[in-house]
Amino acid sequence: MKIFLNNRIPQNGIDLLKNNKLELIIPTDDHLSHEDWLKHCQSADVILNVGKNKFDKSFFDQCPNIKAIVLFSVGFDQVDVEEATRRGIPIGNTPEVLNKATSDVAFLLMQMVSRKVNYNIEKVKGGQWKDFDSMEALGQELYGKKLGILGLGRIGFEMAKKCRAAFDMKIIYHNRHHNHEAEQELDATYVSFEELLSQSDVISIHANYTPGEAGKFDKAAFEKMKSNAIFINTARGGFHNESDLLQAVQSGTIWGAGLDVTNPEPMHADNPLLQLPNVVILPHIGSATAEARAGMSRVAAENIIAFSKNLPMPSCANPDVYQQQM
Ligand code: 8YV
């Protein structure tokens, strides 16, 4: 079985595969061109994919030998899952192991924005730290405020837990389904999307991204939000319309924004959002801890090992694929 890995991952997963007599094909060049990447995919049975490569219908047409794709991510928005399922191709992903790390980044961004940390760091670095001014660059406190979560799943749950413990925040959420565990354990209240927008002091996105959600946070949405609202996106950049967000922060329609994800990625260094004092942008580091990445490496390897033994992948984005094989 030929397994193609397109970028480096922590060694623990590679060792796990080796111990199971599975060998990865790892190209020596750091930055593969699209053509070279495709050639490797065409000769592989299984792809262990790091990053944003697209697996759409055209990809599957060009790589008819692919039997499984294992993503080094929890998100699977770059895969046409329906098409993969139709072709009997399981898509592995890495949930759970990054819940804490990713929600930590949402929590961090929320605090950084509320206390204008970015602005204040730049002020010190730029030699602008002048005499004490009791009215300059005041933040807002989060105690007792309302946290609105779009997509209260595993990562959103961790974010809500932290916000309650640290700031006694009240939790409201909007989901496709009710999250009964969160309602019981965190006293979370289900609201409509409109209510989420109009009632939240902080809105944090933790939902799966699908193209139908593109630009969900647009001018109309920002206009429904409170003027003290902090917008946090650690999910996918496609959820927000960037120029509408810029306009909303610049005009004071909302207080500020913390983004770990942008559209496109990487964000260009001259992006005007980077100039705003109430905006913090991070380079998609949600799962970037040694612990989370080792967990992702292990889960990805476990998915491949299960696949190699004709067993269902333990973490699979399209478990339906196994129903249709039975
Ligand atoms: C990854 C992520 O760092 O898991 C996800 O969905 O966005 C991040 O954990 C990124 O996708 C790299 O593969």
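None of the figures in this text is laboratory data; all of them are computed from the coordinates on show. None of these values were measured; they are calculated from a predicted model. Neighbour counts are summed over all protein chains in view; Cβ atoms, including those assigned to glycine, are modelled from backbone coordinates with ideal geometry.
Below are the figures for this structure:
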| quantity | calculated |
| --- | --- |
| Cβ-based exposure ranking for Tyr322, Tyr209, in which fewest neighbours within 10 Å come first | Tyr322, Tyr209 |
| Per-residue HN-Hα couplings for the range 289-304 [Karplus 6.51, -1.76, 1.60; θ = phi - 60°; Hz; x = Gly/Pro] | 10, 4, 5, 5, 5, 5, x, 5, 5, 5, 5, 4, 5, 4, 4, 5 |
| Pairwise centroid distance, computed over Cα atoms, of the range 203-267 with the range 80-105, Å | 23 Å |
| Check: the chain dipole with +1 on Lys, Arg Cβ and -1 on Asp, Glu Cβ, in debye | 460 debye |
| Phi-based couplings in Hz for the range 139-152 (Karplus 6.51, -1.76, 1.60; Gly and Pro marked x) | x, 10, 7, 9, 4, x, 7, 9, 9, x, 10, 9, x, 8 |
| Unit charges at the beta carbon, dipole of the chain: most positive-side option, Leu98, Leu196, Ser134 | Leu98 |
| Charge sum, other residues only, whose C-beta stays under 9 Å from Glu83's C-beta, Lys/Arg counted +1 and Asp/Glu -1 | 0 |
| Fluctuation leader among Met313, Met225, Met267 - the chain, Gaussian network, Cα springs under 10 angstrom | Met267 |
| Cβ-based net charge around Ala317, under 12 Å, with every Lys or Arg adding one and every Asp or Glu removing one | -4 |
| Ascending count of other beta-carbon atoms within 10 Å, so fewest first, for Glu35, Glu158 | Glu35, Glu158 |
| Listed pairs Lys146/Lys216; Lys116/Lys162; Lys123/Lys219; Lys52/Lys100; Lys18/Lys309 exceeding 24 Å between Cα atoms | Lys123/Lys219 |
| Choice from Gln62, Gln128, Gln199 showing the highest fluctuation, given a GNM over the chain with Cα pairs closer than 10 Å | Gln128 |
| Tilt relative to the chain, helix 99-114 - C-alpha long axis, 0 to 90 degrees, to 10 | 20 degrees |
| Mean Cα-pair separation over length for the range 190-324, i.e. relative contact order, pairs under 8 Å, 6 or more apart, % | 17 percent |
| 5 angstrom amide H check on Val279, placed H, neighbours 5+ away | Ala257 |
| Residue order, fewest to most surrounding Cβ atoms within 10 angstrom, among His40, His177 | His177, His40 |
